[in-house]
Amino acid sequence: MNYPYKTREGGATITIFVPYDCRNHCPFCINKGEYANPTGFSVEKICESIERMNAVTPYCDYVFTGGEPLANLDSLQKMLDKIPSTHKVYINTTLPVSEYQSEEDVVTFTRRNRDKITCINVSRHMQQYVVESNDQLLTRLAVPFRINCVLYQDYPAWALIPYLDRFGSIPGSSVQFRFDYTATTPDNLYEETGDQILQDLKKIAVYTGLEGCRMRCGFHFDYRGLEVTYHKTLPYSTIVEQDAHSGVTYAILYDILIKQNGDIHSDWDGTPLNLEAYRSAVFEAHDLKWLTQIA
Ligand code: SF4
């Protein structure tokens with residue numbers, strides 16, 4: 001069933017899958033399979049799709065993900081250069097350094113793009129699945145950064161405090177713990193008493209409030225001055241809902257994806273975006289708001 005699109009003011013976030021792989025094998029990764037066959041992957045096609053989307057929503061947010069966006073800085077630069085400064089840009093990365101790419105290369109890249117990049121989200125998991133660059137590199141980045149950590153299955157709760165102490169000692173840090181989103185449902189999105197992660201965090205940090213919307217939520221904490229969030233999100237990006245006033249049923253878009261071959265999708269399951277229909281999308285105020293705030 002095709003419903004007219006609705007999205008938030010400014011447009012849905014556009015997530016770009018870079019057309020090259022990371023070298024890691026995190027057990028919770030659902031993107032890795034897409035990189036097994038790179039036939040058709042194209043920086044040029046992605047750039048064309050970025051231009052197409054810029055014309056429709058010139059103020060939306062962009063997220064680069066993968067794969068590993070920082071594995072090929074030249075290609076990432078080409079894609080970044082297609083995004084005007086009217087957009088916020090976030091990059092999900094493990095912050096890789098190797099014999100082919102030094103810390104200095106990464107730092108120089110962030111300096112060159114300090115006006116383009118809103119925040120770098122650096123994956124640092126409590127169980128180490130990837131080769132990590134030195135924490136000191138974080139202090140040298142020329143753009144804001146946040147530490148992302150998926151708390152997967154039987155994560156070691158005893159390691160939460162050492163983990164928070166590790167990043168709490170790095171100036172400019174904040175930490176976002178993430179629930180395994182493949183396990184998130186509308187029923188457990190806002191669940192509190194049965195949520196082990198939330199209960200573990202409440203034992204060690206000061207709970208400061210909850211913000212959320214139809215699609216995702218964040219429980220906020222203060223750990224000795226370190227900003228900590230526990231984030232949950234549903235495993236899809238479209239919610240079908242009837243408007244209470246008009247009676248019209250809309251497909252409400254939260255994320256749009258540009259795939260490695262430049263195809264534009266409206267959901268994570270391969271649904272193509274109807275670009276013509278999206279040009280006529282209805283906009284609503286962003287529904288993310290504070291639901292509880294503890295002074
Ligand atoms: S580094 Fe990222 S893309 Fe690579 S396997 Fe891990 S989660 Fe997946």
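Before moving on, here are some points about what is shown:
- Looking only at the stretch 1-26, residues that are touching a strand residue (DSSP E or B) at 6+ places or on another chain (Cβ under 7 Å) and either at pLDDT below 90 or farther than 24 Å from Thr118 by Cβ (or both) come to 4 in all.
- Boolean, Val122 is within 16 Å of the ligand (Cβ to nearest atom), touching a residue at least 60 places away in the same chain (Cβ under 8 Å) and touching a Ser or Thr at 6+ places or on another chain (Cβ under 9 Å): no
- Within the stretch 16-38, the only residue that satisfies the criterion of being more than 12 Å from the ligand (Cβ to nearest atom) and outside any loop (DSSP other than H, G, I, E, B) is Ile16.
- Output for the stretch 39-73, where each listed residue is more than 19 Å from Ile256 (Cα to Cα) and away from the ligand (no atom under 14 Å from the Cβ): Thr39, Gly40, Leu73
- Among the strands (runs of 3 or more DSSP E) confined to the stretch 160-265, the ones with at least 1 residues that are among the aliphatic types (A, V, I, L, M) are located at 174-179, 206-212, 226-233, 238-242, 249-253, 255-258.
- Within the stretch 79-94, the set of residues being part of a loop (DSSP other than H, G, I, E, B) and more than 16 Å from the ligand (Cβ to nearest atom) comprises Asp81, Lys82, Ile83, Pro84, Ser85, Thr86, His87.
- Pair list, Cβ < 8 Å and 6+ apart or interchain, from the stretch 89-114 residues that are among the aromatic types (Phe, Trp, Tyr) to residues that are away from the ligand (no atom under 16 Å from the Cβ) and not in a helix (DSSP H, G or I): Tyr90/Asp61; Tyr90/Tyr62; Tyr90/Ile117; Tyr90/Thr118; Tyr90/Cys119
- Being modelled with pLDDT of 95 or more, buried (at least 16 other Cβ atoms within 10 Å of the Cβ) and assigned to a loop (DSSP other than H, G, I, E, B) is not true of Val130.
- Flag for Pro4 being in contact (Cβ under 8 Å) with a residue 40 or more places away in the chain, within 23 Å of Tyr181 (Cβ to Cβ) and touching a helix residue (DSSP H, G or I) at 6+ places or on another chain (Cβ under 7 Å): no
- Which numbered condition Ser174 fails, given (1) in contact (Cβ under 8 Å) with a residue 60 or more places away in the chain; (2) away from the ligand (no atom under 16 Å from the Cβ): (1)
- Positions within the stretch 97-115 being more than 22 Å from the chain's Cα centre (by Cα), closer than 19 Å to Pro144 by Cα and of a type outside the set (D, E, K, R), in sequence order: Thr108
The values are calculated or read from the model by the stated rules, or taken from the named source; none is laboratory data. All of these numbers come straight from a predicted model, not from anything done at the bench. Cβ coordinates were reconstructed from backbone atoms using ideal geometry, including for glycine residues, and neighbour counts include every protein chain displayed.
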